[in-house]
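Here the structure comes first, spelled out in structure tokens, and everything after it is commentary.
Every read-out reported here was derived from the displayed coordinates using simple, explicitly stated rules and does not represent laboratory data. Just so it is clear, the structure is predicted and the values come from calculations on it, not from any experiment. With ideal geometry, Cβ positions are generated from the backbone for all residues, glycine too; neighbour counts draw on all protein chains shown.
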Amino acid sequence: DTEVTQTPKHLVMGMTNKKSLKCEQHMGHRAMYWYKQKAKKPPELMFVYSYEKLSINESVPSRFSPECPNSSLLNLHLHALQPEDSALYLCASSQVEGHEQYFGPGTRLTVT
Amino acid sequence: QKEVEQNSGPLSVPEGAIASLNCTYSDRVSQSFFWYRQYSGKSPELIMSIYSNGDKEDGRFTAQLNKASQYVSLLIRDSQPSDSATYLCAVFNTGKLIFGQGTTLQVKP
């Protein structure tokens, strides 16, 4: 089983809202990732968690705040987003860094 | 210079033909290489991983890696219309998976 789940599937939020994206995996993977993908572009890495510790932050604006409550869960907290932040947000996990990454279905975010 | 390069396509092949997708990478120390398939509006799906020089086959898919030439390819045999998608080459380097821009494959019935 290589399933990564993400909720919600779709999210529309205003620029003053606060919302969270959730990602879950039960494969025992110790590395988890957040990516952002715009139309017709490849996924763009945002954050990497390895053994529940933040190991990479790709200079992401502070309006995006990641959290890894335990080895199975990854959250992305959103506040004061801009319309240009509208994109598909993808979560992925791998056994450890450098191994195959499996993506969840994504959350389609629209900022109005 | 882009770190991972792919021809954006579209690559158009007739049903039943072999589709050949190519990728080059710039950093010689890269160790892990992956191919993902992404249908429009969906998330990337891992189809192949390759770590050492040579060929790796899985069903209709064959990945080929040549580290000396810094080149990785994906062959799809007996292409089907359902293979029509964007194929992303990805290279693991310095803790990150670096994606190419993707090649759009169109398989015509």
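Structure notes:
- The mean number of partner chain beta-carbon atoms within 10 angstrom of a residue's beta-carbon across peptide A:98-107 is 5.
- Efficiency of FRET between A:R108 and A:S65 - r from beta-carbon atoms, R0 22 angstrom, step 0.05: 0.65
- Loop chymotrypsin sites (Phe, Trp or Tyr not before Pro), chain B (other Cβ atoms within 10 Å of the site Cβ: 16 or fewer; DSSP): B:Y39, B:Y51
- Placing dummy labels 7 Å off each Cα toward the beta-carbon, the span from A:L73 to A:S55 is 2.2 nm.
- For the residues B:S49, B:S40, B:S12, a GNM of chain B with alpha-carbon springs under 10 Å puts the largest fluctuation on B:S40.
- Kirkwood hydrodynamic radius over Cα pairs of region A:1-94, then Stokes diffusion coefficient at 10 °C and 1.306 mPa s, in µm²/s: 117 µm²/s
- One quarter of the surface of the convex hull around the alpha-carbon atoms of the protein assembly as shown equals 12.2 nm², the direction-averaged projected area.
- Extended-chain gain in nm, criterion 0.36 nm per residue less alpha-carbon gap, A:E44 and A:S20: 6.7 nm
- Take every Cα pair under 8 Å whose residues are at least 6 apart in sequence, average their separation, divide by the length of region B:27-109, and the relative contact order is 30 percent.
- Structural descriptor for region A:33-103: relative contact order 30 percent, calculated from alpha carbon pairs under 8 angstrom and at least 6 residues apart.
- Cα pair distances of chain B binned at 5 Å [whole percent]: 2, 13, 25, 25, 19, 10, 4, 1, 0
- B:E3 versus B:R77: modelled label distance in nm, points set 7 Å from Cα along the beta carbon direction: 3.4 nm
- Length available on full extension from A:Q82 to A:M27: 0.36 nm per residue minus the Cα-Cα distance, which gives 16.4 nm.
- Rounded to the nearest whole angstrom, the semi-axes of the ellipsoid equivalent to region B:51-108, taken from the Cα gyration tensor as √(5λ), stand at 22, 15, 9, largest first.
- Charge sum, other residues only, whose C-beta stays under 12 Å from B:A19's C-beta, Lys/Arg counted +1 and Asp/Glu -1: +1
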